[in-house]
Amino acid sequence: MFMNHPIIIQGGMGIAVSNWKLAKTVSEAGQLGVVSGTAINSVLVRYLQDGDPAGDMRRALKAFPFPHVVAKILETYFIEGGKPKDKPYKRIPLFAVQPTQSWLQLNVVASFVEVFLAKEGHQFPVGINLLEKVVIPNLSALYGAMLAGVDYVLMGAGIPREIPGALDLLSENKTASLKVPVDGATGDNTQTLTSFNPQEVMEVSELPKLKRPYFFPIVSSSTLAANLKKKATGRVDGFIVEGPLAGGHNAPPRGPMKLDALGEPIYGERDEVDLSEMKALGLPFWMAGSYATPQKLQEVRKLGAHGIQVGTLFAFCNESGLKPELRHQVVKKISQGMAPENGYIFTDPVSSPTGFPFKAVRMEDSLSNQILYEQRNRICDLGYLRHAYQKADGQVAQRCPAEPVQDYIKKGGTLEETVGKKCLCNALMADIGMPQVQLGNQVEKHLLTAGNDLNDLNRILKQGQTDYSATEIIRYLTADLDLRSGSFVEPAHLV
């Protein structure tokens, strides 16, 4: 393993914004590149249906240790030359609490591919980011990443108490299980289990030896960090401490939800993290959520943090997985000083089916985009953010408050729970240039997310510059570090 953890962790932004190209670039620059594992199987099959023009997916697939699994995937999804742009992508089946073997195999392979490509051609560490809230795909995604030699696992959007023990078991090719919360269940049925048996899923008796990666849960308080250190099922190696200014999903404010005049959640002193309490835990930690300046990096290091996690700056760099037209549109407007009256970021308390506040990028046409989104025909054809619930007959099924309203109500949900909910699964796939074509030739709309750092993106843009690289971000952030201290070693090709 590695003697020193990197100072800068590139945030694991899904779906596939933190793709293998970005993670590879950051890792080769001497910091921790991180791929997103969220919905990674849908990402792979859409690349294959687009014809995999650069051949990257097929090159990685050839490295997967079980060719019989890869053959089935290529036969099912690969389209030579790519599908017509106006035709829909073939969908993978929705997963159940106990997914089918073919679904699990696809998720293992997709995770392997992303990590393999990020690690290809260098010896620097690479991480993967997953969401605790999206429980069911996590074990198979972790196993695929470990087959590719992933070095770090980062996980937020919940309390990932069971993940360390699962990593221990998976590293030994043993069966691992996770608890899935069940809405509406009572007594001993408030949770059910989802399991992953490597030998059974891979259909082989001999499996390669795996290393156990470092595990960094993403927390919003020192209390939660202390709880995880004490009560996790295995070793916790460090923490990402994420505040409410970070992009994507945020932890809700502590106490009752209150909104300001703009309709955003109000965070207060109770939501601020005491760095001295984090330092007292005796494990390395990284601060996240609008810490991406050289001054803030030095400040938090003096207060005991090992470094910072950076998301938004990387999300809009050249190597990001964002659709280039979207990325260029945002960066150009910021470089021209065209900020909306209330800034670029709106923290929406209701849009995410997870129930967590979710940050959206506010552009000049945000109102028209909202109207267009409200006219969208609701559909749940990816289903990663569904919740498990107990049916009247005691069976466990899944539902999503962003699915068709009548479907959700038939499943025991309420009308109030559907108000304002958006299909983040389809919107985030559109963000990376892979929108689904629905019935009636309705093309799914994008929904960009970013942290408050987007408001200050100009600090790394030179005059007239409308794009930038991941390595420029790292140079900017580390410019004032004392490289003689040995705490940061700049790779020779960046000097």
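Some notes on this structure:
- Here S276 meets each of (1) small (G, A, S); (2) assigned to a loop (DSSP other than H, G, I, E, B); (3) farther than 20 Å from L447 by Cα with one exception, condition (2).
- Among the criteria (1) assigned to a helix (DSSP H, G or I); (2) among the aliphatic types (A, V, I, L, M); (3) touching a residue at least 24 places away in the same chain (Cβ under 8 Å), the one I409 does not fulfil is (3).
Yes or no, residue by residue, for (1) under 22 Å from A16 (Cα atoms); (2) crowded, with 16+ Cβ neighbours inside 10 Å; (3) among the basic types (K, R):
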site: R362; (1), (2), (3): yes, yes, yes
site: E416; (1), (2), (3): no, no, no
site: L428; (1), (2), (3): yes, yes, no
site: D431; (1), (2), (3): yes, yes, no
site: G440; (1), (2), (3): no, no, no
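- Scanning region 246-266 finds one or more residues that are among the acidic types (D, E), loosely packed, with under 12 Cβ neighbours inside 10 Å and within 29 Å of R362 (Cα to Cα).
- The sole residue among N173, N197 that is surrounded by fewer than 21 Cβ atoms within 10 Å (Cβ to Cβ), at pLDDT 90 or above and touching a helix residue (DSSP H, G or I) at 6+ places or on another chain (Cβ under 7 Å) is N173.
- Unique residue being small (G, A, S), within 25 Å of T347 (Cβ to Cβ) and not in a loop (DSSP other than H, G, I, E, B) when the list is A427, A388: A427
- Selection count, region 137-195, where residues are of a type in the set (A, V, I, L, M), closer than 24 Å to P357 by Cα and not in a strand (DSSP E or B): 3
Every residue, every condition in (1) free of Cβ contacts under 8 Å to residues at least 60 places away in the same chain; (2) farther than 20 Å from L428 by Cα, yes or no:
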site: V26; (1), (2): no, yes
site: F64; (1), (2): no, yes
site: T76; (1), (2): yes, yes
site: I128; (1), (2): no, no
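- The residue that is farthest from L154 (Cα to Cα), among those in region 254-283 that are touching a residue at least 60 places away in the same chain (Cβ under 8 Å) and among the aliphatic types (A, V, I, L, M), is L262.
- Restricting the first member to region 284-307 and to residues that are in contact (Cβ under 8 Å) with a residue 40 or more places away in the chain and in a helix (DSSP H, G or I), and the second to residues that are of a type in the set (G, A, S) and surrounded by fewer than 20 Cβ atoms within 10 Å (Cβ to Cβ), the beta-carbon pairs closer than 6 Å and six or more apart or on different chains are P294/A479.
- Filter pass, S205 being farther than 18 Å from L131 by Cβ, touching a Lys or Arg at 6+ places or on another chain (Cβ under 6 Å) and not aliphatic (A, V, I, L, M): no
- Across region 229-238, not a single residue is classified as free of Cβ contacts under 8 Å to residues at least 60 places away in the same chain and of a type in the set (V, I, T).
- Filter result (β-branched (V, I, T) and assigned to a loop (DSSP other than H, G, I, E, B)) within region 54-110: I79, I92, V97, T100
- Whether a residue is outside any helix (DSSP H, G or I) and either under 30 Å from Y384 (Cβ atoms) or of a type in the set (D, E, K, R) (or both) was assessed, and M434 passes this test.
- Filter result (of a type in the set (D, E, K, R) and in a loop (DSSP other than H, G, I, E, B)) within region 196-236: E203, E206, K209, K211, R212, R235
- Within region 207-225, tally of residues that are over 24 Å from the mean Cα position of the chain (by Cα) and modelled with pLDDT under 90: 0
- When Q123, Q191, Q199 are checked against the criterion of being farther than 26 Å from L224 by Cα and without any contact (Cβ under 8 Å) to a residue 24 or more places away in the chain, a single residue qualifies: Q123.
- Inspection of region 38-46 identifies no residue that is of a type in the set (D, E, K, R) and surrounded by fewer than 19 Cβ atoms within 10 Å (Cβ to Cβ).
- Checking region 109-129 against the condition returns no match, with no residue being over 18 Å from G321 (Cβ atoms), in contact with a strand residue (DSSP E or B) (Cβ under 6 Å, 6 or more places away or on another chain) and polar (S, T, N, Q).
The values are calculated or read from the model by the stated rules, or taken from the named source; none is laboratory data. Just so it is clear, the model here is predicted, and its values are computed rather than measured. Backbone-built Cβ (ideal geometry, glycine too); neighbour counts: all protein chains shown.
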